[in-house]
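The values are calculated or read from the model by the stated rules, or taken from the named source; none is laboratory data. Values in this document were obtained by computation on a predicted structure and should not be read as measured data. All Cβ positions, even for glycine, are placed from backbone atoms using ideal geometry, and neighbour counts span all protein chains on display. Heads up: the accessible areas ignore ligands, DNA and RNA and are worked out on the full protein's heavy atoms, side chains in. Shrake-Rupley method; radii C 1.70, N 1.55, O 1.52, S 1.80 Å.
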Amino acid sequence: MKNNEKWYEYPTNLVDLLEDSVKKFPDRPYVGMKNADGEYEFKTYGEVAERVNNLRGGLAQLGVGKDDGVGLIISNSEAWTVIAFATYGRGARLVPMYEKELKKTWRYIIEDSGIKVLFVVNEDVYNQVKGWVDEIDALEKIFIINADGKDSMAAVEEMGRKNPVPPVKPHYNDIASLIYTSGTTGDPKGVLLSHGNFTTNVQAAARMFPHADENVVTLSILPWAHSFGQTAEVFLGTYIGGSTGIMGSVDTLVDDMGKVRPTMLIAVPRVFNKVYASIHNMMREKGGLAEKLFNAAKKEAVKKRQTGKASLKLKILDKVVFGKIRARFGGRLKEAVTGSAAMNPEIAQFFIDIGIPTYDCYGLTETTPAMTMNSPAANKLGTVGRPIEKVTVIIDKSFVGKESEDGEIVCFGPNVMQGYHNKPEKTAEVTVNDPDLGRGFRTGDRGRLDKDGFLHITGRFKEEYKLENGKYVHPASIEEDIKLSDYALNVMLYGDGKPYNVCLLVPDFDALKPVVAEMSLDGKSPKELIKEAKLQDFIQKDITAHLRKTYGGYEIPKKFIFVPEDFSLENGMMTQTMKLKRGKVFEKYLDQLEALYD
């Protein structure tokens, strides 16, 4: 499949992708945001398109043209969508940045990408960056999105309303966006993604889901500055003519679910892990009839799986028990697509049983992002699905030997990035050229394909390490499973070259409240609680028992350090996409970890 023409079908660019939906669904709700009263107000496709047209004209007046960089610093919003599609309509490159980001990271991205025009969320951010116009060669103008006056986004739109220009229709190989990777180590890398990268990914995903049509309503949870949220929520939603309500915050998630009442969710497994844990904790605390009914409903769901038939008892319990859980998601949720980490099969099966199936997918920013997906037609729990249409996945065993069951995951297809901006050496390191499959991308992830073609993720080469006994450990998968414990908020494994694994753990103090009360430790602060030997022993035994179901003895940590402060973006230990910055964690806790081996 070396001829790129075979890979692309209309629409081949993001400009046509929006314009087609505007023609089909001009009056359908498109993007919804909360008003001052906390209620959702949706703008239609036609209304948003008018703003896109105006801003595109304004960008033309500012001299923005092909391959120029247009940056934005704002969370998911109607304005995000308007700026994105106006930029594409000038043949320019969108460079989205996280609103909650370190100032030095903003500067690095603005300089590295060569942003010409920058839009920022408010005056606070504007005051932090306005001086950069005089300090950064490429940066010419900065505009405030939520403001009025000559330096506002509204002023640029008004300029364009008076000076309209038709949209440029980019070639599928033209760059649409630079998405900067989170950077667990070193500087972020700007991933060059083309219009064709995005449109082929969206079209493949849409064909895998029968419910993916104009009646889809989603609640936007994932950040659009990241490729998963951008492709799955913005572009897929636009392509099918769907509606998206923007989540207010994590704190308002449950309330927002009830107001938007999504039919589909694009999420990370952690959302469902937390719901699963909270439901089971709540049932244990309630006890009595509520817990009995819940357990009875779960048993009847198991029988349905075994027999293929729903009993009358299950039909009754479904309304009484499972219906209340579905109501927490708004009552209309048909399915969810999950990425970032594989869903625990037990949790995934639970949500299938209650009528909200989740479908794991896999990919990276460099693959726009989807490489493999589960779907209603083919869903194998514990895997991340089969390769999507027009994508080929191979397992390269050159690092591990031909006898190994797994190896490095390599992706070929129209989803593969165009390269890293300004980093030809880094691009060369991850690029594979195959005479039949064309250009491929080395993921650095470790996996295997089963006999049915489903991909199993087994680790990450850069993170795996070898114990003193020569056995390899894949810490990320063990850490994810530890976080499924009721009492673990965050975790990091350690043991490279050591006789056994140890664990740095942030307890979930909210989940521990009943345990703390039972131990008569009420009133103690997190700093005091982590020093309590009986509480430490309780958590350690719970996690060890949980891990024994899946892992060998050498993989289970033998000693623990308990810390009160969670890993976060603010303390530099997590990326924007909630990936652990191991180097930063080691930097702070290395002495304590090493002391566990004394």
Within the range 377-414, residues open to solvent by 50 Å² or more (accessible area, probe 1.4 Å) and closer than 26 Å to L265 by Cβ come out as A377, N379, K380, L381, R386, E389, K390
Picking from S220, S182, the residue that is touching a residue at least 60 places away in the same chain (Cβ under 8 Å), touching a strand residue (DSSP E or B) at 6+ places or on another chain (Cβ under 8 Å) and within 24 Å of V95 (Cα to Cα) would be S220
- request: Could you please let me know if E405 is in contact with a Lys or Arg (Cβ under 8 Å, 6 or more places away or on another chain), acidic (D, E) and under 17 Å from R460 (Cα atoms)?
  value: yes
Next on the checklist: Tell me whether the range 365-376 contains one or more residues that are open to solvent by 30 Å² or more (accessible area, probe 1.4 Å) and either within 14 Å of H456 (Cβ to Cβ) or modelled with pLDDT under 95 (or both).
Outcome noted: no
| query | Does I356 fit the bill of being closer than 29 Å to A225 by Cα, outside any strand (DSSP E or B) and not charged (D, E, K, R)? | reply | yes
* **Residue in the range 120-130 that is open to solvent by less than 30 Å² (accessible area, probe 1.4 Å) and either modelled with pLDDT under 95 or over 23 Å from the mean Cα position of the chain (by Cα) (or both) present** => yes
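So that you can scan it fast, the table gives a plain yes or no per residue for (1) open to solvent by 10 Å² or more (accessible area, probe 1.4 Å); (2) over 28 Å from D137 (Cβ atoms); (3) free of Cβ contacts under 8 Å to residues at least 24 places away in the same chain; (4) not hydrophobic (A, V, I, L, M, F, W, C):
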position	(1), (2), (3), (4)
T12	yes, yes, no, yes
L17	no, yes, no, no
L59	no, no, no, no
I74	yes, no, no, no
V82	no, no, no, no
V117	no, no, no, no
Within the range 290-345, the residues that are over 30 Å from H456 (Cα atoms), of a type outside the set (S, T, N, Q), assigned to a helix (DSSP H, G or I) and open to solvent by 50 Å² or more (accessible area, probe 1.4 Å) are E291, K292, L293, L312, K313, K315, I316, K319, V320, K324, A327, R328
E233 passes all but one of the listed conditions (1) open to solvent by 40 Å² or more (accessible area, probe 1.4 Å); (2) acidic (D, E); (3) closer than 22 Å to L333 by Cα; the exception is number (1)
Taking the range 131-145 and keeping residues surrounded by 15 or more Cβ atoms within 10 Å (Cβ to Cβ) and without any contact (Cβ under 8 Å) to a residue 60 or more places away in the chain leaves W132, I136, L139, I142, F143, I144
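Here is a yes/no grid of residues against (1) of a type in the set (V, I, T); (2) without any contact (Cβ under 8 Å) to a residue 24 or more places away in the chain:
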position: M343; (1), (2): no, no
position: F350; (1), (2): no, no
position: T368; (1), (2): yes, no
position: A377; (1), (2): no, no
position: S404; (1), (2): no, yes
position: P414; (1), (2): no, no
For helices (runs of 4 or more DSSP H) lying entirely in the range 168-267, having 2 or more residues that are among the polar types (S, T, N, Q) and in contact with a Ser or Thr (Cβ under 7 Å, 6 or more places away or on another chain) picks out 195-208
Going through the range 102-126 in order, the residues found to be assigned to a helix (DSSP H, G or I) and either closer than 14 Å to I145 by Cβ or of a type in the set (D, E) (or both) are E111, D112, E123, D124, V125, Y126
For the range 562-573, the count of residues that are of a type in the set (A, V, I, L, M), in contact (Cβ under 8 Å) with a residue 40 or more places away in the chain and surrounded by 18 or more Cβ atoms within 10 Å (Cβ to Cβ) equals 1
| field | Flag for G440 being assigned to a strand (DSSP E or B), touching a Leu at 6+ places or on another chain (Cβ under 7 Å) and either farther than 21 Å from T199 by Cα or modelled with pLDDT of 95 or more (or both) | value | no
Would you check if there is a residue in the range 22-45 being within 18 Å of E157 (Cα to Cα), more than 28 Å from the chain's Cα centre (by Cα) and open to solvent by 10 Å² or more (accessible area, probe 1.4 Å)?
no
Apart from one, (1) under 30 Å from K104 (Cβ atoms); (2) touching a strand residue (DSSP E or B) at 6+ places or on another chain (Cβ under 7 Å); (3) of a type in the set (D, E, K, R) all hold for K584; the odd one out is (2)
